[in-house]
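Undergrad: Could you have a look at this structure, given as structure tokens, before my questions?
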Amino acid sequence: MSSLDIRLFEKREFARVVHLPSDYHVFDLSSGPMVMPEGQEYAVGKYNELRPDIYNAEQFKNADNPELIRNIHIGVDIFGPRNTPIHSFDDGVVFSREYNHLELDYGYTLIVEYQIEGNKFYALYGHLSKASFEHNPPGRAISKGEEFAWMGDVHENGGWTPHLHLQLCTEQPDVCDMPGVVCQQDITKMLERYPDPRLVLGNLY
């Protein structure tokens, strides 16, 4: 991490963000589309995963160089039924909120500011419900383990199967957004800026 020591996270016990059943599915989206197995409601999508067949909207393309497509995922996805509760992994404060409206964008989005031994970092919660947005004005304090947001339905979450995209950031964001997928040429610096969310989620896969 650029300004945070990973060892700080190893010393800390975090609350579960989503209460998953023991038999949830782990996607491999490096070689196929996002299809939930029959009879399954919960799943996890991986960090730092190349996903060549998913990000087809214009926002993921580079107008100057069509070969530079943003398709490496740098958050963790947790899939569940619409309105699945989302809990804060630690005490935090709502930093910003926004409706990111582009095709296959985050839809309703929150960024929460956290601190670990006095060091600030940020977490983006994407693909939320409208109620999540309305419930969390900037400046609202959130307690560790608190149910504060819910997974949005397809009409409010950017057009996706209901899920949470959780992404960490070591720098204060200028807007209520983070690039959930990046291109290969930027991957080294992006992984430093946006570290593995399993630091707070635990070993989900």
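Readers should treat all values here as calculations from the given coordinates under stated rules, not as data from a laboratory. On a predicted model such as this, the values are computed, not experimentally measured, just so you know. Neighbour counts are summed over all protein chains in view; Cβ atoms, including those assigned to glycine, are modelled from backbone coordinates with ideal geometry.
Undergrad: Out of all the residues in segment 101-115, which are crowded, with 17+ Cβ neighbours inside 10 Å and assigned to a strand (DSSP E or B)?
TA: Result: 107, 108, 109, 110, 111, 112, 113, 114.
Undergrad: Name the pairs: first residue in segment 102-126 and at positive phi, second residue assigned to a strand (DSSP E or B) and surrounded by 20 or more Cβ atoms within 10 Å (Cβ to Cβ), Cβ to Cβ under 6 Å, at least 6 apart or on different chains?
TA: Cβ pairs passing all conditions: 107/127.
Undergrad: Got at least one residue in segment 176-188 being part of a strand (DSSP E or B) and under 12 Å from the mean Cα position of the chain (by Cα)?
TA: Yes - at least one qualifying residue is present in segment 176-188.
Undergrad: Out of the residues in segment 132-160 meeting the condition of being in a helix (DSSP H, G or I) and touching a residue at least 24 places away in the same chain (Cβ under 8 Å), tell me which one is surrounded by the fewest Cβ atoms within 10 Å (Cβ to Cβ).
TA: In this case the residue turns out to be 133.
Undergrad: Looking at segment 152-173, can you tell me whether even one residue there is touching a His at 6+ places or on another chain (Cβ under 9 Å) and hydrophobic (A, V, I, L, M, F, W, C)?
TA: yes
Undergrad: Now a separate question. Specify the residue that is surrounded by the fewest Cβ atoms within 10 Å (Cβ to Cβ); the eligible residues are those in segment 1-34 that are in a loop (DSSP other than H, G, I, E, B) and among the basic types (Lys, Arg).
TA: Checking each candidate, the answer is 11.
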